[in-house]
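S.K.: Handing you this structure, nothing more for now.
The values are calculated or read from the model by the stated rules, or taken from the named source; none is laboratory data. Quick caveat, the model's predicted, so the values are computed rather than measured. For neighbour counting, all protein chains shown are included, and Cβ atoms are generated from backbone atoms with ideal geometry for every residue, glycine included. Accessible surface is based on the protein model in full, side chains and every heavy atom, while ligands, DNA and RNA are left aside. Shrake-Rupley method; radii C 1.70, N 1.55, O 1.52, S 1.80 Å.
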Amino acid sequence: MAEKPVEKRSRRGLLGAVFGRRGLWSKKCTADKGNHKSTTSSSSIASTDCTANIQFTKSPATELNPNKLHQDHKVSPEPNQIQKPISKPSSNQNPNNHQLGNNGNYQQINNQWPVQQQAKKVPKESIGLSGELESMIMDNQKAKGIRASSSNVMFGNLGNLKQPGTTSVGNQTTVQNKGYGNNVGSYGERQTSVSTNQDQPGSLCRAISTRMDPETLKIMGNEDYKNGNFAEALALYDAAIAIDPKKAAYRSNKSAALTALGRIIEAVFECREAIRMEPHYHRAHHRLSNLYLRLGEVDNSIYHVKHSGPEADQEDILKAKTVQTHLNKCTEAKRLRDWKGLIKETENTIASGADAAPQVYALQAEAFLKSYRHQEADDALSRCPVFDVEMSTKYYGPIGYAGFLVVWAQVHMSSGRFGEAVEAIQRANKMDRNNREVSMVLRRVQAVTAARSRGNDFFKAGRFQEASAAYGEGLDHDSRNSVLLCNRAACLSKMGQLHKAVEDSTAALTVRPAYAKARLRRADCNTKLGNWEAAIGDYEILRKETPEDEEVLRALSESKMQLVKQRGHES
């Protein structure tokens, strides 16, 4: 039976209020396309507090058809394929393996050889099915570059796997990248410790699916999941789905593995498919409720809590309402242009449970940009989970995802990543050509990037005056750009205008206190001016940040000696 959608809202919701035409926050609030009806209380509870849900706009034509998610993995099982006992060595530190006998029960067997952490090619004739499966999984993971971070742990139970002693703590799963500035891929897709390659299980699943019973694969996947081997568990669940694509439990367990790997949007699609197959699957409803809450979709979260049966908890609804309260405050702070208040409320929203909502991180980053705190804006987006571009576009729609790219492009530019800024805003422009803000940011990014390129060419040619003028043209479009300010300071220093060079360097450090190049340039200028105390202060900070830099150590020592001499002459 068809699911009744939650009460429709105007597309000019919080996102419309926040970014106007961009449509980043407005969205038609509907429950996901499951196979069950909504109760009238689902929308009534949310109607009082949930007045402005912060979400990306989803384009109606971009709703992913869950029936297509497993079409590529369908493999006709071959009869009589399993002819010998199956054992699967644990990839954990457990020295014992489990062997599945002919009666279908697990038997403990002693394993004398250690589990290898690095994949090695083993001739198929020298190993059994279990060893072949393990080798294929490890080779596949090495080829794809997948590893699961210890921080990416999802708490709770799997589909029908009871885990004694496990409690739910909000499914806190974050993917952080401290090297955000140096690890940026196309359109802001940062390289994280978790691969988002969706083709990963394909050939592996086809190779093993015809030789294993799907329940056996699921049990093996559950074991890997409990041991923290989420990528291996995901491959095994995919193999089970390839054999029996109509089993809801396999989809739900796959959703748990995807969540643990930080692939939240894909996990949502798998939960939707599980519910489509089994409308009263309480655990899938509860899991989907948690996922929606993390994405900041409060109405959908409450809806699925109400359909979670015995899995439901009143605390879940209270938590969702708390998130909605903070989202409403974000809307009001944005309307009033209260950037300090907006920063505070976005932090509260994330801490309350919406820790995987790109729109909330984008709001926070924009508030930092408006406050001329560019380094903190960069840090804010570095904490935002990074989803696959194609999957994000399908989930949020091209217009909604373009709104996020607009913010991302501005953060890239403020941090001196001009190539990434151009790439992100050009993609946004392709997605939403009629958006005035996208067009405006595109022109500004192109102008600043071109000015910086001209200035660099002039500087390399020793034409410092012209280089300074070129950087100044870029600053006309982005007056607080730290890279342009620092580059102009270099030109001014070459022309002997040391005081102006110090001013530009200081302006760059005001928006990006950790900008080492600007700090070094200011210290050098102060050294030439004889401002030894100021120079020592900057060199001390640089020494802490780069203790192995011998040039900094020599300059610091020389400045201290000169300061002693200066004070001796004064006395």
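S.K.: What is the spin-label model distance, in nm, from THR546 to LYS460 if the labels are put 7 Å beyond Cα along the C-beta direction?
M.R.: 2.1 nm
S.K.: A further question on this structure: Considering the convex hull of the alpha carbon atoms of the stretch 218-271, report its projected area averaged over all viewing directions, in nm², one decimal.
M.R.: 3.0 nm²
S.K.: Now a separate question. Which value, in nm² and rounded to one decimal, describes the direction-averaged projected area of the C-alpha convex hull of the stretch 399-515?
M.R.: About 7.0 nm², averaged over all directions.
S.K.: Whole Å is fine, so just give me how far the alpha carbon centre of the stretch 305-325 lies from that of the stretch 208-286.
M.R.: 24 Å
S.K.: What is the calculated FRET efficiency for ARG567 to SER439, with r their C-beta to C-beta distance and R₀ = 60 Å, to the nearest 0.05?
M.R.: According to the calculation, E is roughly 0.55.
S.K.: Could you check the simple spin-label distance between GLU215 and GLU558, using points 7 Å along Cα→Cβ, in nm with one decimal?
M.R.: Each label point lies 7 Å from its Cα, and together they span 7.8 nm.
S.K.: With just the Cα atoms defining each centre, how far is the stretch 487-551 from the stretch 417-466? Give it in Å.
M.R.: 26 Å
S.K.: Next up: Report the dimensions of the stretch 312-363 along its three principal axes from the alpha-carbon atoms, largest first, rounded to Å.
M.R.: Largest to smallest, the principal-axis extents are 38, 18, 13 Å.
S.K.: Which whole-number percent of Cα pairs in the stretch 319-475 have a distance greater than 24 Å?
M.R.: 41 percent
S.K.: Find the relative contact order for the stretch 302-350 and round it to a whole percent, using C-alpha pairs within less than 8 Å whose residues are 6+ positions apart.
M.R.: The normalised contact order for the stretch 302-350 reaches 29 percent.
S.K.: In square angstrom, rounded to the nearest 10, how much accessible surface does MET561 have for a 1.4 Å probe?
M.R.: 100 Å²
S.K.: Let me check against my output: what whole-number percent is the relative contact order of the stretch 225-361, with C-alpha pairs under 8 Å and at least 6 apart?
M.R.: Result for the stretch 225-361 is 17 percent.
S.K.: Quickly rank 324-336, 493-505, 295-307 as a protection proxy: mean count of other C-beta atoms within 10 Å, highest first.
M.R.: My ranking of the peptides, most packed first, is 295-307, 324-336, 493-505.
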